[in-house]
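Following: one structure in structure tokens, then a few remarks.
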Amino acid sequence: MGPPGVGKGTQGQRLSAAYDVPVIASGDMFRRVRVEESPRAREIQAYMDRGDMVPDEMTIEMVLDRLKKPDARGGFILDGFPRTIAQAVALDADLANQERPIEHVVLLQAPADVILARLAGRRVCDSCSKVYNVDSNPARVDGVCDVCGGNVIQRTDEAPEVQRRRLEVYEEQTAAVASYYRSSGRLTVVDATLALDAVQAELHQLLGAAVAR
Ligand code: AMP
């Protein structure tokens, strides 16, 4: 968990490679749907372009279905979901039924000025979704993805006014989700102003201990 631009995508992708579990990122799933030609795709696109959240019913169904796919059987990393209390409650209920509850929630925290600066530099591969940053984590060849050779671009929902709106929406709704997990003893807060590698080391320490159990 954490505000847009705090580094969730990058850290999640690295953990995914280290633990061989998929990253399930609701934003990436919506970006794939929004390019389809359908009323549902147009509706999703409208929410995203404003920086608003897609309604809970659509989001919950999409993510819970994805978690049932075979590649997520041995574990998964969620990125960008849950973002509302309703989503967190639905996720807990569904996973309790499957006897594989959410064990750890990591909240990456950083002040707004750090986040806005990172968002301005953020780029993403339009093919495989690998995340880059022009300042801290650039592609080896400008504009070309290191992994798949796709185009490295700035997301269309990352215009400055949309970024500010996304941060507001985060503060309004998602901060409450952190309290939900804190009150059930599952939340660890990590300082995301540290360098990428230092944050990654903290996450490994936390998850390594859990995997060894
Ligand atoms: P992200 O890539 O996680 O920043 O998500 C991009 C956009 O997708 C968000 O601004 C929302 O419009 C939508 N979205 C992603 N995840 C969710 C979610 N869990 N609930 C509602 N909307 C979401």
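Within the option set Leu67, Leu78, Leu95, being within 11 Å of the ligand (Cβ to nearest atom) and among the hydrophobic types (A, V, I, L, M, F, W, C) holds for one residue only, Leu78. Quick one: would you say Leu67 is under 17 Å from the mean Cα position of the chain (by Cα) and free of Cβ contacts under 8 Å to residues at least 60 places away in the same chain? For Leu67, the condition - under 17 Å from the mean Cα position of the chain (by Cα) and free of Cβ contacts under 8 Å to residues at least 60 places away in the same chain - is met. Filtering region 2-26 to residues that are farther than 22 Å from Leu64 by Cα, within 15 Å of the ligand (Cβ to nearest atom) and surrounded by fewer than 23 Cβ atoms within 10 Å (Cβ to Cβ) leaves only Thr10.
Residues of region 34-55 that are within 10 Å of the ligand (Cβ to nearest atom) and over 16 Å from the mean Cα position of the chain (by Cα): Arg34, Ile44, Gln45, Ala46, Tyr47, Asp49, Arg50, Pro55. Of all residues in region 112-132, those that are without any contact (Cβ under 8 Å) to a residue 60 or more places away in the chain and among the small types (Gly, Ala, Ser) have Cβ atoms under 8 Å from Cβ atoms of residues that are in a strand (DSSP E or B) and crowded, with 16+ Cβ neighbours inside 10 Å, 6 or more apart or on another chain, in Gly121/Asn133.
In the set (1) surrounded by 15 or more Cβ atoms within 10 Å (Cβ to Cβ); (2) farther than 18 Å from Pro3 by Cβ, Asp197 fails one condition alone, (1). Restricted to helices (runs of 4 or more DSSP H) entirely inside region 139-213, those with at least 1 residues that are within 22 Å of Ala120 (Cβ to Cβ), touching a residue at least 60 places away in the same chain (Cβ under 8 Å) and within 20 Å of the chain's Cα centre (by Cα) are 160-169, 196-212. No other residue among Val33, Val105 is farther than 22 Å from Arg182 by Cα, among the β-branched types (Val, Ile, Thr) and surrounded by 13 or more Cβ atoms within 10 Å (Cβ to Cβ) apart from Val33. Taken together, the criteria exclude Leu95 from residues that are closer than 19 Å to Pro22 by Cα, more than 15 Å from the chain's Cα centre (by Cα) and surrounded by 17 or more Cβ atoms within 10 Å (Cβ to Cβ).
The residues listed here are Arg165, Arg140; of these, the one that is of a type in the set (Lys, Arg) and within 18 Å of Asp49 (Cβ to Cβ) is Arg165.
Throughout, read-outs are computed from the coordinates displayed, never taken from laboratory work. Since this is a predicted model, take the numbers as computed values, not measurements. FYI the Cβ positions are ideal-geometry reconstructions off the backbone, even for glycines, and counts take in every protein chain you see.
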